Amino acid sequence: MMQSLSVTFFVLFSISAIHCASVRSKETIGLLRLLDDLKDYSRRDMINTELKEESNTESRQMDYLLMDIFKKSTHCKNTGDSCNYDWQCCSSGDCETSNYEACYSGASCSCRGHPRFFNQLFGGLDEYTLGGAWLTETLNSSQYTYEVSPVFTLMEQCVIRKMLNFAGIENGDGIFCPGGSISNMYALNVARYQRFPDCKTKGMQALPKICVLTSEKGHYSLKKGAGFLGIGMDNVLPIKTDDQGRMCPKALEETIQDCISKGIVPYMVNATSGSTVLGAYDPLEAIADICEKYKIWMHVDGAWGAGCLLSRKYKGFMKGIERADSLTWNPHKMMGTNLQAAVFLTKHKTVLLDAHSAKAKYLFQQDKFYDVSYDTGDKSIQCGRKVDALKVWTMWKAKGDAGLEEDIDNLFSCSRYLTQLAKARDGFKMVQEPQCTNVCFWYIPERLRGKPETEEWWEQIGKVAPVIKQKMVEKGTLLIGYQPDGDLVNFFRMIFSNNAVTKSDVEFIIDEIDRLGCDL
């Protein structure tokens with residue numbers, strides 16, 4: 001795999017060296033040599049990689065630096081002891097410690113590259129997307145007009161069409177955004193524009209009192225977006241969920257009817273596909289029925305869980321997605337693309353341009369010699385916009401639909417395997433059956449096993465996860481998150497998003513938590 005990657009990026013980096021005067025040839029060669037160094041090593045074996053015996057010439061400095069960062073970031077304990085470094089920028093530019101040493105220290109304090117980093121909704125390292133990210137930085141393009149970013153405009157449209165197709169949306173539109181929270185803010189804004197077009201020019205005073213409905217387990221970005229857009233956080237109304245964390249359609253309809261009776265206009269419903277903690281998938285078909293009945297925009301926050309659409313086996317979790325008006329989908333989560341890569345998709349072909357365009361004449365001239373519909377910048381709330389599509393495109397081009405489906409199936413399979421092991425092992429108690437690849441469980445030390453589950457007992461259980469988390473950080477063996485949820489005391493939330501994860505990793509997780517916590 002890495003050898004084919006080297007060949008591909010030999011061409012790409014050569015092109016970039018020719019066309020980018022700001023990129024020195026020796027730096028480009030350094031990147032190519034690094035790719036060549038990496039070709040014989042898998043993602044899981046970088047920890048054991050030894051640097052070649054070679055003079056540390058300036059042309060090789062980038063090679064060594066990046067290889068060392070790989071090694072350190074996949075083998076760090078992150079206790080803070082090694083982070084005793086002056087991170088202040090120098091006033092004179094003549095720092096006592098070199099940038100090389102600073103990056104060395106920074107890598108040693110990082111944990112993102114650890115092969116058993118399961119703490120957040122992202123993880124792992126895909127070589128193809130890494131290559132795309134390097135090229136993105138090398139070319140340093142901004143993506144607002146076709147004339148300054150022609151190839152990347154076409155790449156973005158290609159990826160968006162592909163994602164629309166998997167979501168069952170024909171003739172839709174989309175845009176890459178700086179994160180899923182911004183994508184959800186796009187939904188809040190375009191849905192408001194679709195219902196109340198005058199809001200774009202006249203502001204909130206032109207509107208009746210409006211509100212947004214979302215699951216009580218939904219992402220906090222909906223509240224942030226409502227505050228940012230002048231809707232108001234108090235006007236984001238939570239809808240009750242069932243015992244699996246899924247929105248209750250009956251409660252949704254009752255809330256809509258209550259709002260209408262009070263003269264409040266519910267203009268958008270946000271359904272969640274893959275909630276942050278429990279990994280719940282809201283029932284999209286039932287929610288779509290209600291939204292169509294009351295003529296309300298239906299948005300689906302699939303930032304985390306929409307990757308299941310790539311799998312024929314698991315796409316049923318999002319049955320009815322084609323009926324939604326819009327969708328948030330983050331390739332940098334379950335698909336494994338490097339941060340950041342987030343997409344907002346909609347079935348309404350012109351709403352992004354209609355809602356956001358300012359028609360700046362110095363940038364979006366209508367008398368250009370090419371089709372100005374390729375100037376996508378006016379659809380965005382940004383002006384300068386980083387090229388996030390390239391790293392997704394390189395990964396998709398290399399792996400294809402089949403390869404991505406295999407990755408997604410592996411993540412779901414590993415989550416089910418962990419569930420199986422936890423159920424069979426003394427000391428582990430499941431919070432619920434997994435829907436997405438979130439596996440939530442409590443660990444029960446030996447002294448608390450077999451005891452009545454009283455209020456005091458649960459209070460003791462709630463103290464276990466933080467202590468085990470501290471131990472795993474200090475040992476540097478793995479990183480897993482924990483949290484309470486509603487009335488539930490602290491439990492572990494194991495996230496499978498690293499596409500390189502194997503069953504042996506799953507077995508290690510169970511063994512390591514048991515080893516660290518059995519005598520608490």
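The values are calculated or read from the model by the stated rules, or taken from the named source; none is laboratory data. No experiment lies behind these values; they were computed from the predicted model shown. We place every Cβ from the backbone using ideal geometry, glycine too, and count neighbours over all the protein chains shown. Side chains are part of the model used for accessible areas, which takes the heavy atoms of the whole protein and leaves out ligands, DNA and RNA. Shrake-Rupley method; radii C 1.70, N 1.55, O 1.52, S 1.80 Å.
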Restricting attention to region 337-368, which residues are closer than 18 Å to residue 164 by Cβ and either open to solvent by 30 Å² or more (accessible area, probe 1.4 Å) or free of Cβ contacts under 8 Å to residues at least 12 places away in the same chain (or both)? 347, 348, 349, 350, 353
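So that you can scan it fast, the table gives a plain yes or no per residue for (1) in the same structural domain as residue 440 (by the TED database); (2) in a loop (DSSP other than H, G, I, E, B); (3) among the polar types (S, T, N, Q); (4) crowded, with 17+ Cβ neighbours inside 10 Å:
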| position | (1), (2), (3), (4) |
| --- | --- |
| 208 | no, yes, no, no |
| 214 | no, no, yes, yes |
| 222 | no, no, no, yes |
| 227 | no, no, no, no |
| 237 | no, no, no, yes |
| 245 | no, yes, no, yes |
Given the conditions (1) in contact with a helix residue (DSSP H, G or I) (Cβ under 6 Å, 6 or more places away or on another chain); (2) closer than 26 Å to residue 181 by Cβ; (3) of a type outside the set (A, V, I, L, M), report the number of the one that residue 364 does not fulfil. (2)
Looking at the structure I just gave you, is residue 233 within 25 Å of residue 182 (Cα to Cα), modelled with pLDDT of 95 or more, open to solvent by 10 Å² or more (accessible area, probe 1.4 Å) and of a type in the set (A, V, I, L, M)? yes
Please go through (1) touching a Phe, Trp or Tyr at 6+ places or on another chain (Cβ under 6 Å); (2) crowded, with 17+ Cβ neighbours inside 10 Å for residue 408 and return the number of the only condition it doesn't satisfy. (1)
Could you please find all residues in region 166-225 being under 23 Å from the mean Cα position of the chain (by Cα) and among the charged types (D, E, K, R)? 173, 216, 217, 223, 224
Considering (1) under 27 Å from residue 303 (Cβ atoms); (2) out of contact with any helix residue (DSSP H, G or I) (no Cβ under 6 Å at 6 or more places or on another chain); (3) in contact (Cβ under 8 Å) with a residue 12 or more places away in the chain, say which one residue 406 fails and leave the rest. (3)
Considering region 402-421 alone, what residues qualify as being charged (D, E, K, R) and over 19 Å from the mean Cα position of the chain (by Cα)? 416
Given the residues 145, 138, 153, which is the only one that is in contact with a Cys (Cβ under 8 Å, 6 or more places away or on another chain) and open to solvent by less than 50 Å² (accessible area, probe 1.4 Å)? 138
For region 369-401, name all the residues that are surrounded by fewer than 20 Cβ atoms within 10 Å (Cβ to Cβ), over 30 Å from residue 196 (Cα atoms) and not hydroxyl-bearing (Ser, Thr, Tyr). 369, 386, 397, 398, 400, 401
Of everything in region 487-520 that's modelled with pLDDT of 90 or more and small (Gly, Ala, Ser), which residue is surrounded by the fewest Cβ atoms within 10 Å (Cβ to Cβ)? 504
A careful count of residues in region 253-279 that are open to solvent by less than 30 Å² (accessible area, probe 1.4 Å) and in contact with an Asp or Glu (Cβ under 9 Å, 6 or more places away or on another chain) gives 8
If you take the residues of region 422-458 that are among the hydroxyl-bearing types (Ser, Thr, Tyr) and under 28 Å from the mean Cα position of the chain (by Cα), which of them is nearest to residue 121 (Cα to Cα)? 437
